[in-house]
Amino acid sequence: MKLWEKVVEARLRKVVEICEQQYGFMPRKSTTYAIFALRILMEKYRDGQRELHCVFVDLEKAYDRVPREELWYCMRMSGVAEKYVRVVQDIYERSRTVVRCAVGQTQEFNVEVGLHQGSALSPFLFAIVMDQLSEEVRLESPWTMIFADDIVICSESREQVEENLERWRFALERRGMKSQMEP
């Protein structure tokens, strides 16, 4: 299955263009690159003696909370051909699992939400969802960096960063996702 997932991912990467703000699971990008870019931004503001406010947001159980209908929608909005949407739907159709615990394991049950843990395809599918989500807040929050399920929002004033944070919270919640930010 992993080999098939890698083939599907390679084909999706050819047609889906992920925004520059996404650093997770992207070719030629890494955490080091993201940290360096943020550091340069902070130094630029410090050298110009201007304020820069940053908020770091971690998504709660990010892969587990992605609604499947949202995934299909985001794939279509990203320009994925319907045949590939159906291929991914087939991979996710009739997902079943069991839970192992100290006293044994549960009966098998359906998994109807979330991305598959350990799947070779899931990181890129998550990047597609985050790309579509970020598109609606991108203009409002020009200095946003995303590394998989971690988001950094930067603005020149505390009020502006709080407004952008609320926009992100709203966009996430509309899609059934939650952040670990406190109110």
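All of L59, L38 fail the test of being under 23 Å from E166 (Cβ atoms), in contact with a Cys (Cβ under 9 Å, 6 or more places away or on another chain), at pLDDT below 95 and not acidic (D, E), apart from L38. Kindly indicate whether V161 is among the aliphatic types (A, V, I, L, M) and modelled with pLDDT under 85. So V161 fails the test. For E93, the conditions (1) exposed (fewer than 11 other Cβ atoms within 10 Å of the Cβ); (2) in contact with a helix residue (DSSP H, G or I) (Cβ under 9 Å, 6 or more places away or on another chain) are fulfilled apart from (2). Counting the residues of the stretch 9-29 that are in contact with a Phe, Trp or Tyr (Cβ under 7 Å, 6 or more places away or on another chain) and either not in a loop (DSSP other than H, G, I, E, B) or not aromatic (F, W, Y) (or both) gives 6.
In summary, M75 fulfils each of the numbered conditions (1) touching a residue at least 24 places away in the same chain (Cβ under 8 Å); (2) under 21 Å from C154 (Cβ atoms) with the single exception of condition (2). Restricting attention to the stretch 38-76, the residues being in a helix (DSSP H, G or I) and closer than 26 Å to V15 by Cβ number 12. Is there a residue in the stretch 50-72 that is out of contact with any Phe, Trp or Tyr (no Cβ under 6 Å at 6 or more places or on another chain), surrounded by fewer than 12 Cβ atoms within 10 Å (Cβ to Cβ) and among the basic types (K, R)? For the stretch 50-72, residues out of contact with any Phe, Trp or Tyr (no Cβ under 6 Å at 6 or more places or on another chain), surrounded by fewer than 12 Cβ atoms within 10 Å (Cβ to Cβ) and among the basic types (K, R): present. Residue selection: V137 fails the criterion of being over 30 Å from M42 (Cβ atoms), surrounded by 19 or more Cβ atoms within 10 Å (Cβ to Cβ) and either in contact with a Ser or Thr (Cβ under 9 Å, 6 or more places away or on another chain) or β-branched (V, I, T) (or both).
In the stretch 1-29, the residues that are more than 15 Å from Q132 (Cα to Cα) form Cβ pairs under 6 Å with partners that are of a type in the set (V, I, T), at six or more places apart or across chains, as follows: V8/V87.
For the condition under 17 Å from W4 (Cα atoms), within 21 Å of the chain's Cα centre (by Cα) and in contact (Cβ under 8 Å) with a residue 40 or more places away in the chain, V66 does not qualify.
Inspection of the stretch 165-180 identifies at least one residue that is surrounded by fewer than 19 Cβ atoms within 10 Å (Cβ to Cβ), touching a residue at least 12 places away in the same chain (Cβ under 8 Å), out of contact with any Phe, Trp or Tyr (no Cβ under 7 Å at 6 or more places or on another chain) and hydrophobic (A, V, I, L, M, F, W, C).
When we screen M1, M77 for residues that are surrounded by fewer than 17 Cβ atoms within 10 Å (Cβ to Cβ), out of contact with any strand residue (DSSP E or B) (no Cβ under 9 Å at 6 or more places or on another chain) and at pLDDT 95 or above, the only hit is M77. Those helices (runs of 4 or more DSSP H) of the stretch 78-183 in which 3 or more residues are out of contact with any Cys (no Cβ under 6 Å at 6 or more places or on another chain) and of a type in the set (K, R) occupy 158-174. Any idea which of S95, S141, S122, S179 is among the small types (G, A, S) and at pLDDT 85 or above? Among S95, S141, S122, S179, only S122 is among the small types (G, A, S) and at pLDDT 85 or above.
The values are calculated or read from the model by the stated rules, or taken from the named source; none is laboratory data. Note that this is a predicted model, so its numbers are computed, not measured. Using ideal geometry, Cβ is built from the backbone for each residue, glycine included, and neighbour counts are taken over all protein chains shown.
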